[in-house]
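Trainee: Submitted below is the structure of interest, expressed as structure tokens.
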Amino acid sequence: MIGSRDRLLYTPIANIEPHIVEDGDTLWSLAARYYGGDDGEANLWWAIADFQPEPILDPTIALAAGSTVLIPPLAYVQNALSGLPEESIESA
């Protein structure tokens, strides 16, 4: 549940993938594309929403074509979920 977790706020780290939004892109489809196609990784859409310099607070709003969405590395998201320090992703 989103309300019971800490937000994954933007921080300038290595391996951030900038994605230029195309028509039809959703947070779910971006998570599936960058983190893998199974439902487990696509369920990490909220990490992409949180990680923006200006977080996406309403995931039901369509992403604007041509805008840039920053995709945090999967290892960073997994480490955050595991409570590992940021430094541990440098070697991932």
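Trainee: Can you tell me which residue within segment 37-74, out of those that are among the β-branched types (Val, Ile, Thr) and within 14 Å of the chain's Cα centre (by Cα), is modelled with the lowest pLDDT?
Mentor: Initial filter on segment 37-74 (among the β-branched types (Val, Ile, Thr)): 48, 56, 60-61, 68-69, 71.
Adding the requirement that they be within 14 Å of the chain's Cα centre (by Cα) leaves 48, 56, 68-69, 71.
Working: Ile48: 95, Ile56: 91, Thr68: 97, Val69: 97, Ile71: 97.
Top of the filtered list is Ile56.
Trainee: Follow-up. So which residues in segment 12-22 are out of contact with any Pro (no Cβ under 8 Å at 6 or more places or on another chain), modelled with pLDDT under 95 and over 11 Å from Leu70 (Cα atoms)? Before you say what the answer is, go through the steps one by one.
Mentor: Taking segment 12-22 and keeping what is out of contact with any Pro (no Cβ under 8 Å at 6 or more places or on another chain), we get 12, 18-22.
So of that shortlist, the ones also modelled with pLDDT under 95 come out as 12.
Selection gives nothing.
Trainee: Then there's this: Check segment 40-53 and report whether any residue there is surrounded by 10 or more Cβ atoms within 10 Å (Cβ to Cβ) and touching a His at 6+ places or on another chain (Cβ under 8 Å).
Mentor: The answer is no, given that none of the residues of segment 40-53 is surrounded by 10 or more Cβ atoms within 10 Å (Cβ to Cβ) and touching a His at 6+ places or on another chain (Cβ under 8 Å).
Trainee: Output the number of the condition that Val77 fails; it satisfies all remaining conditions of (1) assigned to a loop (DSSP other than H, G, I, E, B); (2) at pLDDT 85 or above; (3) hydrophobic (A, V, I, L, M, F, W, C).
Mentor: Going through the list (1) assigned to a loop (DSSP other than H, G, I, E, B); (2) at pLDDT 85 or above; (3) hydrophobic (A, V, I, L, M, F, W, C), Val77 breaks only (1).
Trainee: List the residue pairs whose Cβ atoms are under 7 Å apart, where the first residue sits in segment 63-78 and is closer than 17 Å to Asp25 by Cα, the second is β-branched (Val, Ile, Thr) and assigned to a helix (DSSP H, G or I), and the two are 6 or more positions apart or on different chains.
Mentor: Val69/Ile48; Ile71/Ile48
Trainee: Considering each residue of segment 16-34, count those that are hydrophobic (A, V, I, L, M, F, W, C), crowded, with 16+ Cβ neighbours inside 10 Å and not in a helix (DSSP H, G or I), and give that number.
Mentor: Residues in segment 16-34 being hydrophobic (A, V, I, L, M, F, W, C), crowded, with 16+ Cβ neighbours inside 10 Å and not in a helix (DSSP H, G or I): 1 in total.
The values are calculated or read from the model by the stated rules, or taken from the named source; none is laboratory data. From a predicted model like this one, the values you see are computed outputs, not experimental measurements. Methodologically, a virtual Cβ is constructed for each residue, glycine included, from the backbone with ideal geometry; neighbour enumeration extends over all protein chains shown.
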